[in-house]
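Take a look at the structure set out below.
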Amino acid sequence: MPKNSKVTQREHSSEHVTESVADLLAHQEPVDYKRSVLNVTGETWEKQKEGDEDLDAENRPAWNSKLHKLQYILAQIGYSVGLGNVWRFPYLCQKNGGGAYLVPYLVLLIIIGLPLFFLELAVGQRIRRGSIGVWNYICPRLGGIGYASCLVCFFVGLYYNVIIGWSIFYFFKSFQYPLPWSECPIVKNGSVAVVETECERSSATTYFWYRETLDISNSISESGGLNWKMTLCLLVAWSLVGLAMIKGIQSSGKVMYFSSLFPYLVLVCFLVRGLLLRGAVDGIMHMFTPKLDKMLDPQVWREAATQVFFALGLGFGGVIAFSSYNKQDNNCHFDATLVSFINFFTSVLATLVVFAVLGFKANIMNEKCVVENAEKILGYLNTNVLSHDLIPPHVNFSHLTAKDYNEMYRVIMTVKEGHFKELGLDACLLEDELNKSVQGTGLAFIAFTEAMTHFPASPFWSVMFFLMLINLGLGSMIGTMSGITTPIIDTFKVRKEVFTVGCCIFAFVVGLIFVQRSGNYFVTMFDDYSATLPLTVVVILENIAVAWIYGTKKFMQELTEMLGFRPYQFYYYTWKYVSPICMAVLMTASIIQLGVSPPGYSAWIREEAAEKFLFYPTWAMAILISLILLASLPLPLVFILRQFHLVSDGSNALSVTYKKGRMMKDISNLEDNDETRFILSKVPSETPSPMPTHRSYLGPGSNSPMEMSSAPNGRYGSGYLLASTPESEL
């Protein structure tokens with residue numbers, strides 16, 4: 001070797017070598033093989049020996065210790081358990097047959113949710129990249145999956161953080177007694193004090209939500225300008241997310257201790273308190289009384305599949321991002337099973353809490369109805385519109401029960417059949433109150449807040465409830481933002497702190513559309529249309545990429561070597577056949593649903609003090625369609641660019657490291673004819689396996705320049721050698 005070469009000059013230096021891989025390997029100078037390792041992978045995977053630096057620690061954070069493992073599990077739970085578990089699942093359970101709904105939900109969780117969740121955990125842990133890097137490795141032509149996931153995460157994060165902002169507003173408003181939404185405000189009309197008309201015609205909680213909180217306009221076309229209170233709350237929400245994410249898993253992992261565990265403490269407290277309330281059992285019995293005929297309705301199965309799909313956060317990239325920081329031998333199958341069923345039982349727990357409280361509220365409202373209608377009957381008796389003979393002798397108007405009122409109501413309805421409607425009497429049935437379906441913001445910010453006004457020490461319970469919503473939302477937002485930051489940082493090597501802060505600032509600025517007076521209508525639009533269809537397509541393509549392009553048998557063998565045991569054959573058949581078919585049916589049903597139900601939204605009309613369904617105007621329809629197309633655009637775009645070789649596929653990126661006897665170099669986007677061919681001694685058609693593996697350069701004296709390093713339980717897979725061999729049999 002020439003004495004003036006760069007390698008000779010830096011042989012005893014700790015500086016990084018910058019020569020090409022081909023030049024380094026061409027030299028015949030002996031190498032210190034005990035301390036030199038050549039990795040032809042996307043990352044450095046293994047501690048070389050005791051006392052050496054951990055390259056994972058150098059290049060990528062990892063959930064290494066038992067403490068970090070707990071943080072990882074809490075992060076996955078915090079991400080998958082979100083606001084939908086509290087305000088979407090109970091509504092679907094009530095709407096779709098009560099206890100009978102749990103059967104299709106559990107079946108679909110097992111045959112769709114668990115296998116696909118396990119698949120995302122496995123590919124993230126195996127390849128140790130974010131969603132962009134993972135799908136570039138597995139199938140470069142389907143690399144658009146990662147970019148589509150990032151876009152959907154961005155759209156969802158924009159409006160999801162607005163909901164956290166609303167919760168922050170209610171949280172700070174809860175520190176007063178009585179609660180500000182417990183009574184209608186009094187306004188002065190000249191010298192006379194009267195109740196606010198809009199509030200009187202609706203309710204105190206409804207008025208506080210639509211007028212005091214949102215100050216909502218009558219339609220999406222009426223912007224009304226920014227709501228400064230909500231703008232400040234949105235700024236606080238993005239600040240919280242930025243602080244939690246700024247150091248990656250090092251900061252977000254610690255946040256998860258509180259944001260993931262605190263909601264369970266609150267739910268248990270609410271359940272105990274709710275069961276002690278009058279009427280709580282009525283709500284729970286109503287909730288879980290099965291309506292078996294509903295199980296035959298295809299719509300019930302479609303909504304159950306959609307809920308399973310979104311409850312686990314499939315397709316967003318957050319699951320892959322968190323899993324990519326795991327050690328190679330982590331039992332991700334156990335993690336998938338644990339998180340999936342914790343998610344399910346959390347939904348059931350939240351449903352118990354919601355309907356215990358709503359059962360109490362239904363009893364309160366039913367008693368109010370009885371009192372109001374009893375006063376009407378007394379008025380009719382005093383004016384001889386009704387005869388006293390119609391009133392059963394045991395009825396006492398001073399202590400009128402719901403049962404006595406119902407008996408009196410039936411008698412009057414029978415006798416006055418021809419003129420009964422003119423009396424304007426209500427049936428006041430508890431069942432009718434319990435059947436009033438509420439979901440989403442209507443449940444959290446109207447129905448539940450109204451129920452809490454009747455609690456003893458109501459401010460305390462209100463503070464706890466909205467702090468729980470903030471933490472549920474924050475846990476999901478951390479996962480959603482990880483679905484954006486992790487793949488971008490992995491792919492483009494940008495600085496983590498700068499990119500995270502920049503992303504939060506940009507999202508806050510764009511999110512101002514949601515805090516104008518018509519902002520709630522945009523939240524509804526994004527929630528209904530920005531994610532459902534694109535994510536369904538993304539998950540179908542993920543499934544196809546692994547099961548049909550990479551190969552299910554090969555993937556099962558990789559998992560066997562990574563985990564140390566062979567996953568059940570159940571996963572082979574679900575990945576290859578069941579899940580793709582079920583997801584295709586779900587996508588078809590979603591498209592049909594979009595065509596059958598014209599896109600629209602519920603607008604709050606101030607003059608009528610009521611909600612009214614309106615269709616989106618033309619410009620809003622254009623935005624709606626653009627959201628779906630923009631989120632789906634990377635899929636065909638990346639496929640076309642890589643199919644016709646207009647851009648490099650990025651699948652053959654190499655990482656070679658050398659420092660103090662180790663090589664350190666990052667070579668990306670190599671062409672087929674350059675160093676890849678030289679190193680691997682393969683023709684361009686013999687492409688390497690997408691799954692990373694660890695290989696050591698053994699020096700000139702070895703029979704083969706590349707050879708697999710041994711590892712206990714085969715935890716690092718078979719890599720390049722496997723790529724050129726037939727798939728193993730099951």
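The values are calculated or read from the model by the stated rules, or taken from the named source; none is laboratory data. Given the structure is predicted, the values throughout are model-derived calculations rather than measurements. A quick note on method: Cβ atoms are made from the backbone with ideal geometry, for glycine too, and the neighbour counts reach across all protein chains shown. In case anyone asks, the SASA skips ligands and DNA or RNA and just uses the protein heavy atoms, side chains included. Shrake-Rupley method; radii C 1.70, N 1.55, O 1.52, S 1.80 Å.
Tabulated results
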| read-out | value |
| --- | --- |
| Per-q log10 I(q)/I(0), segment 541-583, q = 0.18, 0.20, 0.22 Å⁻¹ (Debye; single scatterer per alpha-carbon; no solvent) | -0.47, -0.57, -0.68 |
| By accessible area with a 1.4 Å probe, ligands and nucleic acids excluded, highest first: order of 491, 536 | 491, 536 |
| Calculated over segment 385-509: convex hull of Cα atoms, volume per residue (Å³) | 201 Å³ |
| Residue-count net charge about residue 582 - beta-carbon cut-off 13 Å; Lys, Arg +1, Asp, Glu -1 | +2 |
| Nonlocal amide H pairs with residue 326, under 5 Å, H built at 1.01 Å | 63 |
| Accessible-area value, residue 454, 1.4 Å probe, nucleic acids and ligands omitted, Å² | 80 Å² |
| Relative contact order of segment 56-194, defined on C-alpha pairs under 8 angstrom at six or more residues apart (%) | 7 percent |
| Calculated diffusion of segment 88-230, Stokes-Einstein form, Kirkwood radius summed over Cα pairs, 4 °C and 1.567 mPa s, µm²/s | 63 µm²/s |
| Accessible area in square angstrom per residue, segment 365-435, 1.4 angstrom probe | 64 Å² |
| With 10 Å bins from 0: P(r) over segment 311-363, alpha-carbon pairs, percent | 20, 35, 22, 15, 7, 1 |
| Computed E for residue 647/residue 509 - FRET, C-beta separation, R0 30 angstrom, nearest 0.05 | 0.50 |
| Overall Cα dimensions of segment 365-435 - principal axes, largest extent first, Å | 34, 27, 17 |
| Heavy-atom accessible area order for 72, 568, largest first, 1.4 Å probe | 568, 72 |
| Residue-span extension gain [residue 419 to residue 196] - 0.36 nm each, minus C-alpha spacing | 76.9 nm |
| Relative pair counts by distance (%), Cα atoms of segment 540-658, 5 Å bins | 2, 8, 9, 12, 13, 13, 13, 9, 7, 6, 4, 3, 1, 0, 0 |
| 461, 166, reordered so the largest accessible area comes first (probe 1.4 Å) | 461, 166 |
| Per-residue SASA entry for residue 369, accessible area with 1.4 Å probe, Å² rounded to 10 | 30 Å² |
| Using alpha carbons only: equivalent-ellipsoid semi-axes of segment 68-171, gyration tensor based, whole Å | 28, 21, 15 |
| Rh (Kirkwood; distinct C-alpha pairs) - segment 435-526, Å | 16.2 Å |
| Spin-label proximity, residue 385 to segment 405-436 - amide N less than 16 Å from point 7 Å beyond Cα toward beta carbon | 409, 412-427 |
| Accessible surface of segment 365-435, 1.4 Å probe, proportion on carbon and sulfur as whole % | 52 percent |
| Viscosity 0.692 mPa s, 37 °C: Kirkwood-radius Stokes-Einstein D of segment 287-394 over Cα pairs, µm²/s | 167 µm²/s |
| Across 95/368; 69/576; 361/416; 436/612, pairs whose alpha-carbon gap is larger than 28 Å | 69/576; 361/416 |
| For segment 223-328, the spread of Cα positions along each principal axis, largest first, Å | 50, 42, 39 |
| Net charge over other residues, Cβ less than 15 angstrom from the Cβ of residue 189 (K, R count +1; D, E count -1) | -2 |
| Residues of segment 90-242: accessible area per residue with a 1.4 Å probe, Å² | 32 Å² |
| Label point 7 Å beyond Cα of residue 106 along Cβ direction - residues of segment 305-349 with amide nitrogen under 13 Å | 341, 344-345, 348 |
| Relative contact order (percent, whole number), segment 365-435, Cα cutoff 8 Å, 6+ residue spacing | 45 percent |
